[in-house]
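Heads up, the thing below is written out as structure tokens.
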Amino acid sequence: MIQFFRGFVSGIFAMLFCLVFSPLYLSAAEGQEYIAIRKEGTGNIALVLDKLDAKGRKETRFAEILDATMHDGLDFTRLFSLISPPLNVKDNTDRKNVVINFPALTSVGAEVYAGGVVTMKSDMIILDMKVYEAAGSKLLLNKTYTGTEADLRSVGHAFCADLVELLTGKKSVFGSKIVFISNKTGFKEIYECDFDGYGVEQLTNSKSISMNPTLSPDGKNLAYIDFTSGRPTLYIRSLNGGRIAAVGKSSVSIDPGWRNNNEVAATLSFDGNQEIYLVNSDGTLSRRVTNGKSIDISPTFSPDGSKMAFVSSRNGLPQIFIQDLASGQVKRLTFSGRYNTQPSWSPAGDKIVYTTWEKGGEINIFTINADGSGLVQLTQRSGENKSPSWSPDGEMIVFSSNRLGKEKLYVMNLKGGNERLLLQVDGEQTQPSWSLFR
Amino acid sequence: MKTMKPLLRSLFIPTMLLLGACGCCEEVVVPPPPPPPPAAPVVLPGLGDVFYDFDRSELRADAVGQLKTNADWIAANTANNVTIEGHCDERGTSEYNLALGERRANSARDYIVNLGVAPARLKTVSFGEEKPFALGHTEEAWAQNRRAHFVAE
């Protein structure tokens, strides 16, 4: 069981497990109501995440781990202002009937209160969570999460995922993965970690050069470029079965991007020109998308797969263009900046993030609306900032930066704020790509 | 066979004398049979790199002489096929540089093919910015890294 839970699907599986086997009292209507009450852009949600109750030595230890996991997880999202619980938040005089002191909560400015109990049944850890709206003392969520000791992190994050979805109406980062390149071993190999940098695992050991890893929206397949054959070749690897398809017809393959779970696009040059093709996840060619003499690379798709943003040198230096797949019509997206590359289409479909190589040598990250309006600069005066990739909830961007010397991975919000280092590992880390779980 | 006998004898006698001489003072060392003459080391005069301007894959005027030398070498060394590697400097972004490197290799190949080298003997590949020749972060280093590198196989 423990083995089964480990690995790539552990987070997802634990969540499914909880959904299937736990009594569920999530009131969607009340959650919607709560979202409606909160005004758009009013800042972080003031949350009291109370210390979990537990009796017994083991239970208390697991409760402390869960406390830390949930606190760190919710803090990572930067969606909350985490307020320490007031001392008199609970009236425990009647042990069977804990009463929450809502006036004390509102007096410290809390909007939402979350608390729970940890119990055990044989080897299973049971986390009963309740979420209340502080002002109206209304129960928003009452849900049980179950797992073994090995699943504690998934159990804690399953609650965090529910809480974020309840309060924002959007899917959260919990359970998502980031794949990236690290040269820790002396070779550029592919690694993955959880959304918060936890649990780094090496995925390739080709002792060659690997580049541009990207997970399919369902997280089942990994597409990447690798030089093992002596030339940059597109590989599509099934993460469950380990089956690897090499797209070998090409002389050079560049920068894959998934259109949906079954199709990945990449630049292949087997016919003499560098053109973007759609490739099935079994490695067979689906069809050619671009047709020209210039460089066409780095495809990224609108959520419905109908449009593709990509980099083209058709006007000279690289700029970002959008092609409608049905009609073949192409329009230029970027006009500001002389060298614009590395586009990534947001999960909501409204924005595209990309990098501009500036005259002074800096590389900076920008977002632009898919219609070409609303250009926003996210990084400045911090060296080379590259390979931006959206979190699945569209609230954060992961990227690499050499601002402190070596290239490392950072995350930031959509305004370029809250920039922080994602993980501390040896060597240089580059080309991060956040999974979608669309 | 008759002609071999004096030759063998002439080899045998000095060999035995040598063995005898060695045997007097130290352990008997049987010299290995003379190895066959090694294949002449592949000397590659002529195969040299050509260099490119920033963000360009078109050939510069100063590349032409080197490419003619390379074409002559390839014509003379029919046992070797040649891979042309396209490389870029570290600036810009790695995906674009991978594309640019291939175009540099292709422009060098096309020129050599026009000089009469059979296309089947030439392969091209790009390493983008992944394998710099010079490791500095100056224009001098970058200029050396924007290159098509010829490798005989």
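Rounded to the nearest 500, the 222 nm mean residue ellipticity of chain A from helices alone is -5000 deg cm²/dmol, with -39,500 (n - 2.57) taken per DSSP H run of at least 4 residues. Remark: mean inter-chain Cβ contacts per residue of A:314-322 equal 1, using a 10 Å Cβ-Cβ cutoff to other protein chain atoms. Fewest neighbouring Cβ atoms within 10 Å first, the residues A:132, B:96, A:198 line up as A:198, A:132, B:96. With 28 Å as the limit on Cα-Cα distance, the pairs of A:170/A:307; A:171/A:207; A:307/B:131; A:359/B:123; A:55/A:130; A:121/A:170 that go past it are A:171/A:207; A:307/B:131; A:359/B:123; A:121/A:170.
How would you classify region B:50-152 from its alpha-carbon gyration tensor, with a ≥ b ≥ c the square roots of the eigenvalues: rounded for a/c under 1.5, else prolate if a/b is greater than b/c, otherwise oblate?
Values: a/c = 2.06, a/b = 1.83, b/c = 1.12.
Since a/c reaches 1.5 and a/b is larger than b/c, the shape of region B:50-152 is classed as prolate.
According to the calculation over all Cα-Cα pairs in chain A, the P(r) per 10 Å bin from zero is 4, 20, 28, 24, 15, 7, 2, 0 %. Rounded, prolate or oblate for region A:177-434? Axes are the square roots of the Cα gyration tensor eigenvalues, ordered a ≥ b ≥ c, and the cut-off for rounded is a/c under 1.5. The shape class here is rounded.
Taking other Cβ atoms within 10 Å as a rough exposure proxy, A:381, A:243, A:231 sort from fewest to most as A:381, A:243, A:231.
Give the order of B:137, B:87, A:71 when sorted by the count of other beta carbons within 10 angstrom, beginning with the fewest. Write down the numbers at each step before the final one.
Working: B:137 12, B:87 26, A:71 16.
Ranked by crowding around the Cβ, least crowded first: B:137, A:71, B:87.
We did not get these values from a lab; they are worked out from the coordinates using the rules stated. It should be emphasised that the depicted structure is a prediction, and the values quoted were computed from it without experimental measurement. Cβ: placed from backbone, ideal geometry, glycine included. Neighbour counts: every protein chain shown.
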